[in-house]
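Have a look at the structure below, then the notes.
The values are calculated or read from the model by the stated rules, or taken from the named source; none is laboratory data. Bear in mind that the values here come from a model prediction, so they are computed numbers and not experimental data. Don't worry about glycine lacking a Cβ; one is built from the backbone with ideal geometry, like all the others, and counts go over all protein chains shown. All accessible areas refer to the heavy atoms of the entire protein, side chains included, with ligands and DNA or RNA removed. Shrake-Rupley method; radii C 1.70, N 1.55, O 1.52, S 1.80 Å.
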Amino acid sequence: PSYSQTIPHGGVIVLYTEKDTQSKKTKGPDFTGLTVSQVNALAGEHNLNVTFSGPTKEAGVKAYAQSIAKGVKVDIGSNITVSFKSENIIID
């Protein structure tokens, strides 16, 4: 990470020790419609860090937006912000 970049608690930092310092890349997955735990697992599979935005502790929340579009190549260890909203609708 760059000097001023923040990494979430428990996040992944990739340190390259070889002479070839070219970063390794991964494609940003599509988090749309996933739960918090599913987003966390998928981000881990792609070696990405995630920052959660919106309600994440309620039942019935799903991801609806992300800071890096699906399919875009990013450095391994990059941070993606995933936004959540509740799918529970209360009718009075």
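Within segment 42-92, being over 10 Å from residue 28 (Cα atoms), charged (D, E, K, R) and in contact (Cβ under 8 Å) with a residue 24 or more places away in the chain holds for 58, 62, 85, 87. Test residue 31 against the stated conditions and say whether it is surrounded by 12 or more Cβ atoms within 10 Å (Cβ to Cβ), modelled with pLDDT of 90 or more and either among the basic types (Lys, Arg) or in a loop (DSSP other than H, G, I, E, B) (or both). So residue 31 fits the description; yes. Name the residues in segment 34-77 that are at pLDDT 90 or above, open to solvent by less than 70 Å² (accessible area, probe 1.4 Å) and assigned to a helix (DSSP H, G or I), would you? Result: 36, 39, 41, 42, 43. Taken over segment 78-91, the criterion of being of a type outside the set (Phe, Trp, Tyr) and part of a strand (DSSP E or B) is satisfied by 79, 80, 81, 82, 83, 85, 86. Restricting segment 7-28 to residues that are in a loop (DSSP other than H, G, I, E, B) and at pLDDT 75 or above, the residue that is nearest to residue 75 (Cα to Cα) is 24.
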